[in-house]
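Working notes, beginning with the structure itself.
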Protein chains: 2
Amino acid sequence: MPSYTAPMRDIQFVLHELLKVEDALKEIPAHAELDADTLNSVLEEGARFASEVIQPLNQSGDEEGCTYVGDGVVHAPKGFKEAYAQYVEGGWPALSCDTEYGGQGLPHFVNNAFYEMLNSANQAWTMYPGLTHGAYEALHAHGTPQQKQLYLPKLTSGEWTGTMCLTEPHCGSDLGILKAKAEPVGDGSYLISGTKIFISSGEHDLAENIIHLVLARLPGAPEGTKGISLFIVPKFLPDASGKPGERNPVKCGSIEHKMGIHGNATCVINLDGAKGWLVGEENRGLNAMFVMMNGARLGVGMQSLGLAEVALQNSLIYAKDRVQFRAAKGPVNRDKPADPIIVHADVRRMLFTQKAYVEAGRAFSYWLALNIDKELSHPDEAVRKESADLVALLTPIVKAFVSDNTFECTNHALQCFGGHGFIKEWGMEQFVRDARINLIYEGTNAIQSLDLLARKVLADGGAKLKKFGKLIQAFVVENQGHAGMQEFLEPLMDIGDKVNKLTGEIGAKAQQNQEEVTAAAVPYLRVVGHLVYSYFWAQMARIALDNQGDDFYKAKLATARFYFAKLLPETAGYIRQARAGSEVVMGLPAELF
Amino acid sequence: MPSYTAPMRDIQFVLHELLKVEDALKEIPAHAELDADTLNSVLEEGARFASEVIQPLNQSGDEEGCTYVGDGVVHAPKGFKEAYAQYVEGGWPALSCDTEYGGQGLPHFVNNAFYEMLNSANQAWTMYPGLTHGAYEALHAHGTPQQKQLYLPKLTSGEWTGTMCLTEPHCGSDLGILKAKAEPVGDGSYLISGTKIFISSGEHDLAENIIHLVLARLPGAPEGTKGISLFIVPKFLPDASGKPGERNPVKCGSIEHKMGIHGNATCVINLDGAKGWLVGEENRGLNAMFVMMNGARLGVGMQSLGLAEVALQNSLIYAKDRVQFRAAKGPVNRDKPADPIIVHADVRRMLFTQKAYVEAGRAFSYWLALNIDKELSHPDEAVRKESADLVALLTPIVKAFVSDNTFECTNHALQCFGGHGFIKEWGMEQFVRDARINLIYEGTNAIQSLDLLARKVLADGGAKLKKFGKLIQAFVVENQGHAGMQEFLEPLMDIGDKVNKLTGEIGAKAQQNQEEVTAAAVPYLRVVGHLVYSYFWAQMARIALDNQGDDFYKAKLATARFYFAKLLPETAGYIRQARAGSEVVMGLPAELF
């Protein structure tokens, strides 16, 4: 059975040494009082919950899965309910929620660090509170004061959970063609009908009520994405005091049998004239839902980071323990029949790859979460705008790049175990199966790459990308006098130049033919992802160079060097792919495939 | 539920247009009479068996898995036994077996083409006859005349099945440390004791007897790989007439619960003084077993090819059927609410990637199998030697490169289905799970890469690699006057030059430090794999250029162009990784990881 120990030293390194969050928080009045000790002790407490309460349920939850009992009733795997009760009891759902609704008002990045740990421990379980937090955020941003008063305290306390109901059998990515209908009753409420599928945490026995956020069309709404509205549809209709009453006809019809995340109930949800209330403006539902979707995309990044971390930990333990063959330079362990496999170059390549992606992923995603705090709470509008732009630009990267890397990493972790990696008992194959969904949901990684290239980069002529580029330039200027930094600054500047050039080229070709964008987007995202990771690895290398006596920093420096020597170079291939043009993919008529 | 139709047109293209197997067979007396019609009709019959008999059991076999009934008894999933009876009834096990033992004496490549289809239909089922054929080959090559007389007719008919028992709990790749013991009884037999794990097809209810080929040590045998001997250990001891009698204490202790290939029983096999007979010379067991392992490595290539083909077929059907979004250049399907997703560039990238890898994989692996026929049966010793060298050189490529590509391809196929790809019902995730083992068993892909670089390339100063290079040079010379071929010859020559240069560099560095080899081997294998595929794609492009009127060749040409524009370029990254040197992976002390 796999183990998990929260990587507190690495988390603290990112928070305090790399991001210097205390300094950053001093500029934000809402969080100015938060000190490092409080922060660390919250996270240490969170680490205990993750590793002691939900990690032991990860493998059993995978094995047992959820159960559709009948008549819309679903049971989560054994122990999930009790763990959730402890979660609520501990006040964890409230961590970064608004104090006005009972929240603890901590910064978003704290919640994200906590979610990394929860996901390392048990991704399927974590999706129950994860979706809830998404629903909280959407309502917090777009609900009426009454809706907020009624729902937010219950979502903050975790007494109720939430879902997002977007997908229908005929529409996944293409929400413009969704069919669910909302008929106004006349009293401010609506009756919603339709079938939703792939609804994560859609039904379960963890909480007394479930608040579905449902996309549907009003009568006479325009076709396409501009005719979609968002509704709150509670499982049990609450009275004004928030006491759940009548059962609303929003019912689970069945649950899916999936490759992974077995412990989370993926539901078909049938709405049969279910009562709902409009959130935000009519026909502007996608706009409101995007709050939740953007949160969910960062959430997928944290799921992916968490899985890669736990997979790394377990493959590292195994690689130090399992003996097989002698080291190429001669035995290192003469009292055993063979050497631990960590002596072998390719096992090290797999371990280093995981380390390099995990540590850069953590640096990047925590930084992005800190920018969300700035976007929401910084007193200076210019800072808020700057942060909002960076978050918008990089959300598709945290979703797609981190999840793609994690799929690679969990596969390396499995491979380190040889044949044992394929056996369920060892738990490594579960990480691969769980990680696989992260490339799909909340917008496939191809959709993310289009979002990045078309909407975030080309649509504003590269303005947001230039903002990120300026951060890199500033870092380069600041460090160029440092002799030890040259080996990192050179490849960083090089990949920066290449991204600029590539962006310009695709932008020029896109003037003639939009397919030049769609054909280049996926490799383009990987190249930009590496620009981001190069920037964070260069920063981490600098800190490591300044602290060379200590083992922790020796490993950090070695991992930085590995990243630049062995991972960044894959961009050479991706740049060629991104430049290959659209004709080579679009030229062949569909019927000739 | 996924479907499967054997790709007869593509198979015939490879056999008759690319490899011109009839001409090749005319030089081999044993097969000189075989004509295209016979060949095609055998394969069409085989296609029917694969798609009608075993494909329908693939998903149910995955769902049900094997059952350990107790006391060493294992049942394969429902229907497997009956399908196997039909297989035996149809004479399929005998296809490429020696006529002396009841075989049909057809060339190996015919059997390989058949195995592609079997594996597309049902990899888990196919491993029962697959291992049997491996045992047949090892005994055919190294058994005594008496052993051959006793066992080969039963393995040829399929009445008995076979296994290979190598792995033990403490040794997988590193067979040198295996512990199983063989004590001579004095009558020419031995009593074998030990525990073997991960024994595919190790126990089941398909056949009346199971012939285990077991590696064990004789008393006083030298340590390491030079003290291992190979033994025949039948489940039931046959009398001289081949009638199974007494139960031999070689028993299944339990079966593994795995990520995939659920329909195949992966067994712990306990040998408790089981009776066995030496195969080949004392202490030369690995040598004898290598016949089986090399066959098994090509077998993994065929498993991988088969899986990629069936995944491609199903993702293509889905991509033409599923509508989602409009095409970038405007609607192509106005009577539906959206266009089929095959209009989208990235879906096409995923389909083309699958096509390009599958079609090159088929060309390459059939060619390799034809070379095995030449190696075994060609009257000219020089041809036999030349073929043997090419087979030795390229066996690690067919195992590792094809299986790595297939893992990528099955993941692309899954991704084409969006969220549905993650749902068991659609069957795509099973292909990914089944494909995952192919990167591990029969020597992990890292082991393959060491075999390629250290043993097959550097050990003879690149002599075998040069032989393959000469084939490419000859092809280039032959085609350089052809204007249309320039676009293919240039990248082919370029990657050839790069492989030569890279090989020379690593060879030079290896003189100083063996770790330069182990650190470079994995990316090196991918680069050489692309050299091989470039060669086959260039050949297929030539045939397509000569037949441009026909749709089949239009698709072939488009796929060739896609390969050179979008897949070959990944070598740019791998070459950099292979050149990065060993210090960056080996420098950090293990305890600092």
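Throughout, read-outs are computed from the coordinates displayed, never taken from laboratory work. Small disclaimer: the values here were computed from a predicted structure and weren't measured. With ideal geometry, Cβ positions are generated from the backbone for all residues, glycine too; neighbour counts draw on all protein chains shown.
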task: Calculate the length of the line joining the C-alpha centroid of region B:336-365 to that of region A:313-354, in whole Å.
output: 39
- request: For region B:217-258, state which GluC sites (Glu not before Pro) are in a DSSP loop and have at most 16 other beta carbons lying within 10 Å of their beta carbon.
  value: B:E223
message: If you filter region B:1-74 for GluC sites (Glu not before Pro), then keep DSSP loop positions with at most 13 other Cβ within 10 Å, what is left?
response: B:E33
message: Distances in nm, one decimal, shortest first, from B:D550 to the same residue in every other copy, taking the label point 7 angstrom along Cα→Cβ.
response: 6.9
- prompt: log₁₀ I(q)/I(0) of region B:235-364 at q = 0.20 Å⁻¹, via Debye over equal Cα point scatterers, no solvent, to two decimals?
  reply: -1.20
statement: Taking alpha-carbon centroids only, region B:95-128 lies from region B:386-403 a number of Å equal to 19
Ranked A:K148, A:K226, B:K399, criterion: other C-beta atoms within 10 Å, fewest first: A:K226, A:K148, B:K399
- prompt: Relative contact order (percent) for region B:230-365, with alpha-carbon contacts under 8 angstrom and 6 or more residues of separation?
  reply: 18
- request: From other protein chains only, count the Cβ atoms within 10 Å of every residue's Cβ in A:552-561, then give the mean.
  value: 3
message: Can you give the log10 of the normalised intensity I(q)/I(0) at q = 0.09 Å⁻¹, computed with Debye over equal Cα scatterers of region B:13-129?
response: -0.30
- request: When a/c is below 1.5 the answer is rounded, else prolate if a/b is larger than b/c, else oblate, so apply that to region B:386-543 with a ≥ b ≥ c taken from the square roots of the Cα gyration tensor eigenvalues.
  value: oblate
statement: When B:Y553, A:Y441 are arranged by how many other beta-carbons sit within 10 Å of their Cβ, fewest first, they go B:Y553, A:Y441
- request: Provide the gained length on full extension for the span A:Q149 to A:E487, in nm with one decimal, where the gain is 0.36 nm per separating residue minus the Cα-Cα distance.
  value: 116.2 nm
message: With the label 7 angstrom out along Cα to Cβ, how close does B:K385 come to the same site in each of the other copies, in nm, nearest first?
response: 7.8
- request: Report, as a whole number in µm² per second, the diffusion coefficient that Stokes-Einstein gives for region A:351-476 at 20 °C and 1.002 mPa s using the Kirkwood radius over alpha carbon pairs.
  value: 131
message: Let's see if you can work this out: charge +1 on each Lys and Arg Cβ, -1 on each Asp and Glu Cβ, no other charges. What is the dipole magnitude of region B:8-152 about its Cα centre, in debye to the nearest 20?
response: 320
- prompt: Does region B:161-282 classify as rounded, prolate or oblate by the C-alpha gyration tensor (a ≥ b ≥ c root eigenvalues; a/c under 1.5 gives rounded; else a/b over b/c gives prolate, otherwise oblate)?
  reply: oblate
message: Run the helix sum for chain B: -39,500 (n - 2.57) per DSSP H stretch of 4+ residues, divided by residue count, reported at 222 nm to the nearest 500 deg cm²/dmol.
response: -17500 deg cm²/dmol
query: Over all Cα pairs of region B:88-159, how is the pair count split among 10 Å bins, expressed in % and running from 0 up to the last occupied bin?
result: 21, 56, 21, 2
- prompt: Which of the trypsin sites (Lys or Arg not before Pro) found in region B:274-359 are loop residues per DSSP with 10 or fewer other Cβ atoms within 10 Å of their Cβ?
  reply: B:R334
Cβ-based exposure ranking for A:I28, A:I192, in which fewest neighbours within 10 Å come first: A:I28, A:I192
task: Compute the relative contact order of region B:161-282 as a whole-number percentage, counting only Cα pairs closer than 8 Å that sit 6 or more residues apart in sequence.
output: 30
message: Considering only C-alpha atoms, what is the centroid distance from region B:535-553 to region B:482-518, in Å?
response: 26
Rule-of-thumb Rg ratio for chain B [Cα; 2.2 N^0.38 Å; N residues]: 0.97
query: When only C-alpha pairs under 8 Å and at least 6 residues apart count, what is the relative contact order of region B:430-517, in percent?
result: 24
statement: Treating only Lys and Arg (+1) and Asp and Glu (-1) as charged, each at its beta carbon, one finds that the protein assembly as shown has a dipole about its Cα centre, in Debye to the nearest 20, of 1400
query: For helix B:551-562, what angle does its Cα long axis make with the longest principal axis of chain B, in degrees from 0 to 90 and rounded to 10?
result: 90
- prompt: At A:T144, with labels set 7 Å past Cα in the Cβ direction, how many nm apart are the copies from this one, shortest first?
  reply: 9.4
- request: Considering only lysines 8 or more places apart in sequence, or on different chains, count the pairs in region A:161-284 whose C-alpha atoms sit under 29 Å apart.
  value: 29
- prompt: Could you give the radius of gyration (one decimal) and Dmax (whole number) of the Cα atoms in the protein assembly as shown, in Å?
  reply: 30.3, 97
- line: For B:F417, other-chain or 5+-apart residues with amide H closer than 5 Å (H placed, Pro excluded) are none
message: A 32 angstrom limit on the alpha carbon distance is what I want to check against. Which of A:K399/A:K554; A:K424/B:K498; A:K336/B:K466 exceed it?
response: A:K424/B:K498; A:K336/B:K466
- request: For region A:61-119, count the residues as N, evaluate 2.2 N^0.38 Å, and divide the Cα radius of gyration by that value, please.
  value: 1.44
